[in-house]
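All remarks here apply to the structure that follows.
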Amino acid sequence: MDPELEAFIPLFPKADLTDPVTERKNFAALAAAAPVPDTADMEIEDRMVPADPEVAVRIYRPHGAQAAIIWLHGGGFVMGDLDTEHPWAIRVADGSGAVVISVGYRLAPEHPFPAALDDVYTVLTWTAEHAAELGIDPARIAVGGHSAGAGLAAAVTLRARDEQGPPIRFQLLNQPSLDDRQETWSQRHFTDTPWMNRDKVTAAWRHYLGSAPATPYAAPARAGDLSGLPPAYIATAEFCPSRDEDIAYALRLLQAGVSVELHQWPGTFHGSQAILSAEVSQRQIAELGAALRRALAE
């Protein structure tokens, strides 16, 4: 493991997701301790997207931005919100120069699948329909996120393709949660890795799926056909249970004719980019913004 990251491992809480309400509070406290970047060069606006129920979004608009990304926070489908994602949404907007539309999707277990996906699809459709009002090019809309949010981003590209929904220019998937089956080498062997481990992954999927069987819209790795999806940037962490399913998904996308950039970050663990003092974390965050900037260029 990267020595700069290893020093921080004792500070990471041993969350197990058995009590989602308590873990949300702990996650919020951890996120509140993260430094917030300067926002002098961007406008930030909270909006409610009309739906039943309404979906809260926070829009980050860098000066002169004309492209956008629907951005989805991590948290195992059960934690996280617009506030916990605030520092990271700023960094994505600043690094890419794109409008970031951060989505406050509904959380499990109170709202199991497909509630979160429905919220994300609602925001995608609203963004495309209101592109002129939002000042963005409807042909330059991406989706992306961290962890569970990245899994939702992958799922929404499948749904948009199948339902002939709004065109999606690009998918930015950082350590996505894609496969509920937990059959890969990394899922079977990373039982005690920092922040995310096998038991926590199991609990997250149990909360998210509820009593419903997993479908490709819940777990995109289950999709039989990956053709016709938008180009992708997929980032994986070496000591992450999701590592191997993410790499396998990237290879399957390539074999389906989808352009993919895959970056496996050595010495890192799931979510370790939150340790901002580490040089590898700085490179990870910069690369997310740079990949999005390249993908959404005119």
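Every number here is computed from the coordinates shown, using simple stated rules; none is lab data. None of the values given here were measured: they were computed from a predicted structure. As a convention, Cβ positions derive from the backbone with ideal geometry for all residues, glycine included, and neighbour counts pool all protein chains shown.
Worth pointing out:
- Listed by position, the strands (runs of 3 or more DSSP E) contained in region 6-121 that have at least 2 residues being surrounded by 23 or more Cβ atoms within 10 Å (Cβ to Cβ) and among the β-branched types (Val, Ile, Thr) are 68-72, 99-104.
- Conditions (1) surrounded by 17 or more Cβ atoms within 10 Å (Cβ to Cβ); (2) in contact with a Pro (Cβ under 9 Å, 6 or more places away or on another chain); (3) not acidic (Asp, Glu); (4) not in a helix (DSSP H, G or I); number of the one not met by Lys200: (4)
- Breaking point among (1) without any contact (Cβ under 8 Å) to a residue 40 or more places away in the chain; (2) under 17 Å from Gly74 (Cβ atoms), for Glu183: (2)
- Ala218 surrounded by fewer than 20 Cβ atoms within 10 Å (Cβ to Cβ) and part of a loop (DSSP other than H, G, I, E, B): no
- Within region 263-292, the set of residues being under 17 Å from the mean Cα position of the chain (by Cα), assigned to a helix (DSSP H, G or I) and of a type outside the set (Val, Ile, Thr) comprises Ser272, Gln273, Ala274, Ser281, Gln284, Ala286, Glu287, Leu288, Gly289, Ala290, Ala291, Leu292.
- When region 154-177 is filtered for residues that are buried (at least 23 other Cβ atoms within 10 Å of the Cβ) and over 17 Å from Pro138 (Cα atoms), the ones remaining, listed by number, are Ala154, Ala155, Leu172, Leu173, Asn174, Gln175, Pro176, Ser177.
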